[in-house]
1. What about ARG213, is it among the basic types (Lys, Arg) and crowded, with 19+ Cβ neighbours inside 10 Å?
2. Looking only at residues that are of a type outside the set (D, E, K, R) and either modelled with pLDDT of 95 or more or open to solvent by 50 Å² or more (accessible area, probe 1.4 Å) (or both) in the range 154-173, which one is farthest from the chain's Cα centre (by Cα)?
3. Among the residues that make up the range 34-44, is at least one of them surrounded by fewer than 22 Cβ atoms within 10 Å (Cβ to Cβ), hydroxyl-bearing (Ser, Thr, Tyr) and within 25 Å of ARG267 (Cα to Cα)?
4. Take LYS54 and tell me if it is farther than 20 Å from ASP221 by Cα and of a type in the set (Lys, Arg).
5. Given the criterion modelled with pLDDT under 95 and closer than 26 Å to ARG588 by Cα, identify the matching residue among TYR231, TYR217, TYR289.
6. Can you tell me how many residues in the range 95-117 are modelled with pLDDT of 90 or more and of a type in the set (S, T, N, Q)?
7. Open to solvent by 10 Å² or more (accessible area, probe 1.4 Å) and either among the hydroxyl-bearing types (Ser, Thr, Tyr) or over 30 Å from LEU25 (Cα atoms) (or both): does that describe LEU185?
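The values are calculated or read from the model by the stated rules, or taken from the named source; none is laboratory data. A quick note: this is a predicted structure, and the numbers were derived from the prediction, not measured. Because the Cβ atoms are built from the backbone with ideal geometry, glycine has one as well, and the counts that use them run over all protein chains shown. Keep in mind that these areas ignore ligands, DNA and RNA; they rest on the heavy atoms of the full protein, side chains included. Shrake-Rupley method; radii C 1.70, N 1.55, O 1.52, S 1.80 Å.
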Amino acid sequence: MEKDILIDLNQNQKDAVNCLDGPLLVLSGAGTGKTRVLTSRLANLLKTGHAKPKNILAVTFTNKAANEMRTRLEVLIGPDANSLWLGTFHSISARILRQYAEVVGLKSNFTIINQDDQKKLLKELIISENLDEKKITPQYLAHLINSWKDKGLTYDDIKQTEKNFLIEGKAGKLFDNYQKRLLSLNCVDFADLLLHNLCIFQNNIDILKNFQRNITYFLVDEYQDTNTAQYLWLKLLINSKNNICCVGDDDQSIYGWRGADIGNILRFEKDFPGARVIRLEENYRSSKYILNCANNIISYNKSRLGKSLKTSITYGEKITLISTLDGKEEARKISVKIENLLNKGVKYNEIAVLVRAGYQTRIFEDRFVQIGLPYRVIGAKFYERQENRDAIAYFRVILQQSDDLALERIINVPKRGIGAQTLSTIKKYSRIENISIFNAIEQLILTDELRPMVKTSLVSMIKQFKVWQEDLKNLPHKDLAKKVLEESGYVFSLQNEKTSESENRLENLKELINAMSSFENLSGFVEHISLVNDNDNSNVDGEISLMTLHAAKGLEFEAVFLPCWEEGSFPSQRSIDDKGIIGLEEERRLAYVGITRAKKYLTISHASQRQIHGFWQSVIPSRFVDELPLVEFNNETNISPSHNHYNHDYFEFEFNQDPNFKRLNKNKIINYKNKKNINETFDFKDTNVSSKKMFGIGERVFHDKFGMGEILNIYDNKANVEFDKAGNKNVITSFLKKKN
């Protein structure tokens, strides 16, 4: 039974639903009902006779969103919903490519290969070009090629550019050979779906005109997340009437690291002259305190179209700002506040802890297990992530060489040329002799049962484990862990991948080593991990959600905790270093997304010191903390100056009262228990990085370009310095000189 399409919509929502012709951009803020507007508008097109189902193309970013939209449409318009062009960019592109496969040299029954198959194929091509697969990894080459395809670039587009000469001058040839190999196999990878569509439309005007005649209305969800290839695909398909409606939020564009281009939504009015822009600003999710906080932070971004969320919700709680001594105290205070919320009747599954980076879940997982709070990690739990499980397997074998399960996991990790046939031979021998796999290898390498290259590899591995077992008696367990990860080649293999995923995996390994500080020895640490992984978190009332800010987009919770708001962590120093102001603004949008996940309770926290790569360092609050709603400076006893200016009508405060800490100003914190604070940060060895100089926070230094200044913070091989004349700058520590 059809429902009234406009029922219960506010005026701006009704305007968006009724604006059927011409280009329309619906700027839909967090929690303003964008999905309902999109489906209602689509239903209105059909109900008013503007279009038939076959004339409408509606694009989403996930199958979940497409299914949700189809379900809502079935309620509004009935079975006609099943005949729409409704799906993700890639599913619709695949449907078109099946129809016109022969145009690009494929057969209609082509196979879409997965990432593993892609890497196998690229590995073959790397070897065929006599390149070192350990130096030029399939993962890196896949990342490079996919980034080109996401920009709509073919081999012909890059062969006359500098891109062609990457990878020892062979990048272009590898790209070309890869595409030819895919065609010969009648295969495509995921990015090819759109790329082949672009080639079909650009080179076959009759096919393009046919689509332009038949598809007369376009609806696009999450337009701020489109990449260049998706943008070009849409621009080609849209006919001269420009009947396109894009729904999105420039303030929630947080996927630049995977190719999304915020410029697509920012230049909508330029791309489609005469476009109408309707802003959905009535938020139905969050309290006024939370929305004012979000509005204030995002207002610092320059690259935005501008809007301000508002709400009629009268209830809500003041936002809590927590300043703690260190990460453990932060986790403890957050767990106490969670228990207080539970006592108020908030359910476990209505509570979320959102972190900037995956490795930051570790300290909260440990705390929740310790006190018995049920939780779930969206994505793999910290100790269950692949790289951590691999590292732990190495540690288990060192502790007990008869641990066959652990040894089998890492016998060829990183690659040592130990294939399934060799492993089968070893396992068979261990069963016959009733000995461990380790002992079986020790005996087999004394024979000619194994191929020479395999034998050499296994001899080296056994020697390494013997050395590490001796080191266990003499070295601190953290130092041994670092040594194992380096000497095994595990770290080197991740560094060579040169992808954002491999960088995150390295960060996880560093945090794994940080976690060892709380344990007296390696065996105690490994036992702790076993207990954590075995913890049964099933609970009739659900579990607390632990996830990254990226994973939280689109979700909502009664109570949200945003920890680790310190410079270098959030905003991410890597994002700022890589992209400058563009990276900083995307980090700020991420903060906006995190804040707007909360309905009623929001807590933001930061610590005074962190264990970074194995060493304690003083840290300063995130600049985003200073961008919260302000009032006139108001000094209060025992209140950190970094919080004195916040609007007390909106915030409650909890501060570290440790007498050994003295706060000098909001940019500088000195720990009087340990005045060294030198940059002795542990990092995995990198032959491309010179040895680090030792500097202290508060130290006066000289820079050839910027002159004299004072160090405010140190992060890896970088320093944040307040220069006397040049102002605040982030510089490389090796470029600094100590003041004589």
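1. no
2. Among those that are of a type outside the set (D, E, K, R) and either modelled with pLDDT of 95 or more or open to solvent by 50 Å² or more (accessible area, probe 1.4 Å) (or both), it is GLN160.
3. The answer is yes; a qualifying residue exists.
4. No.
5. The conditions single out TYR289.
6. 1
7. yes
Every residue, every condition in (1) under 12 Å from THR361 (Cβ atoms); (2) at pLDDT 90 or above; (3) hydroxyl-bearing (Ser, Thr, Tyr), yes or no:
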| site | (1), (2), (3) |
| --- | --- |
| GLU503 | no, no, no |
| LEU509 | no, yes, no |
| ASN514 | no, no, no |
| PHE519 | no, no, no |
| SER523 | no, no, yes |
| ASN533 | no, no, no |
| ASP541 | no, no, no |
| ILE544 | yes, yes, no |
